[in-house]
Structures are given as C-alpha cells and as structure tokens.
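Asker: Take this structure, written in structure tokens, and hold onto it; I'll ask about it next.
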Amino acid sequence: NSLSGLCKRKDFLGIDEEAKSHPNRTYYFRKYQDTDKLIEMCTQQLEFEEKNIQILNMRGSAYMKKGQDETYRMAIEDFTSIIDLTHGQDVTALYYRGVSLQKIGLINEAIVDFSKVMELTFNEHVNAAYARAACYNSKGNFLKAIDDYNLALVKDQEKLENGIGIPGNTSDFGALTP
C-alpha cells in the first residue's frame, strides 16, 4: 500500500514490522507530530502519484498546520489541485482552501469557496456558514454575516435535536481538522 507510511498511527511510525503484527493496528491520519516529515513523505509519494487526492489532502492539511502565509499558499495549491481533479465537487478541499484564503487575507476568494461548499451541501456545512459569516463580518457586511451566523446556529441546533454528531462538526462531509 503506497499510503502505509503516510497513514499509520503515530505510535507505529518507524516500527513497520511491529505495526503489521499488532492486533490493534489502525491506519489513519491524525495529529501527525512531525509536520515537516509528513510534508516530505507526501511530496515524495506525489512524485509517483501526482493525482492522488488523499495525499494532496494530507499535505495541504499539514501545510495549514504550520500556520504561516507561505504554507497557507502551498496548501491552497494542493487544495486547488484536488478541486481541479474533482471538477469543483470536493467539499473538503473547497472548505480548507477557503480557510487558507481567509488566513492570508483573500476574503472575497474565501467567500466564493465557502459559498460553493454551502451550495454543494444544501446549506448543511455548518463550519462553512460560520467561516463565511466571519468573512462578511471582516468586510463590514454585517447583514450577510448575521444571516450566515443565524443559519449556522439553526443547523447546530437541528443537529442537537436530531442527535446527529456534535454541533459545528463537519465530519459528515469528510472534513479533516488541520
């Protein structure tokens, strides 16, 4: 499996043989401690599989974790690649590209991405509503911000009443927490 080095539980990294025989082995991407190493591993793998959406997503998320303008721009490149590969239909990539755009001050572009997420999820992506509201708020467009905050609050309340997940959680849409 080409992703095995990238998706192992952090307590199995560097001990492949033990990991293979461990009864509770689980592969997932979660809070990888060495962000630079993860970026390097993803970059190496992308040399062989340049269109691998999962690896692009992991590397983009890792770039975001670094929290610098330069790395947000690199994350934007990865998420844009995913969006291009999926013909604009990948909600997770759109959302995280929007977050990255917002972080570097490209508010209008972020609003476009958050709006597309809202469109694709029929206004169900609570975090996109909150993020778009914050963008409108920062632009001084308080009426649109209030509308989005109200929408997000209503959706959060519906989730609580229906027992669906945690309010504000977008895991139903496959979002990774960067």
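The values are calculated or read from the model by the stated rules, or taken from the named source; none is laboratory data. Just so we're clear, the structure is a prediction, and the values are computed from it rather than from any experiment. Every residue, glycine as well, gets a Cβ built from its backbone with ideal geometry; the counts of neighbours run over all protein chains shown. With ligands, DNA and RNA removed, areas are computed over all heavy atoms of the protein, side chains included. Shrake-Rupley method; radii C 1.70, N 1.55, O 1.52, S 1.80 Å.
Asker: Only helices (runs of 4 or more DSSP H) wholly contained in segment 1-81 count here; list those with 1 or more residues that are modelled with pLDDT under 85 and of a type in the set (S, T, N, Q).
Answerer: Working: elements: 4-7, 16-21, 35-46, 53-66.
Here the list reads 4-7, 16-21.
Asker: Still on this structure: Which count do you get for residues in segment 124-134 that are in a helix (DSSP H, G or I) and open to solvent by 20 Å² or more (accessible area, probe 1.4 Å)? Don't jump to the end; show me each part of the working.
Answerer: Going residue by residue through segment 124-134, those that are in a helix (DSSP H, G or I) are 126-134.
Now restrict to residues that are open to solvent by 20 Å² or more (accessible area, probe 1.4 Å): 127, 130, 132, 134.
Counting residues in segment 124-134 that are in a helix (DSSP H, G or I) and open to solvent by 20 Å² or more (accessible area, probe 1.4 Å) gives 4.
Asker: Where residues in segment 67-123 are among the basic types (Lys, Arg) and either within 11 Å of the chain's Cα centre (by Cα) or open to solvent by 70 Å² or more (accessible area, probe 1.4 Å) (or both), which of them is farthest from Asn52 (Cα to Cα)?
Answerer: In the first step, residues of segment 67-123 are kept if they are among the basic types (Lys, Arg); the result is 73, 97, 103, 116.
Those left that are additionally either within 11 Å of the chain's Cα centre (by Cα) or open to solvent by 70 Å² or more (accessible area, probe 1.4 Å) (or both): 73, 97, 103.
Working: Arg73: 19, Arg97: 17, Lys103: 25 Å.
Restricting to residues being among the basic types (Lys, Arg) and either within 11 Å of the chain's Cα centre (by Cα) or open to solvent by 70 Å² or more (accessible area, probe 1.4 Å) (or both), the top hit is Lys103.
Asker: Among the residues of segment 100-111, are any closer than 23 Å to Ala134 by Cα, in contact with a His (Cβ under 7 Å, 6 or more places away or on another chain) and either modelled with pLDDT of 95 or more or in a helix (DSSP H, G or I) (or both)?
Answerer: The answer is no; no qualifying residue exists.
Asker: Given the options Glu158, Glu124, Glu119, name the one that is under 23 Å from Ala93 (Cβ atoms) and either touching a strand residue (DSSP E or B) at 6+ places or on another chain (Cβ under 8 Å) or at pLDDT below 95 (or both). Steps first, answer last, please.
Answerer: On the way: Glu158 fails: under 23 Å from Ala93 (Cβ atoms); Glu119 fails: either touching a strand residue (DSSP E or B) at 6+ places or on another chain (Cβ under 8 Å) or at pLDDT below 95 (or both).
Unique residue meeting the criteria: Glu124.
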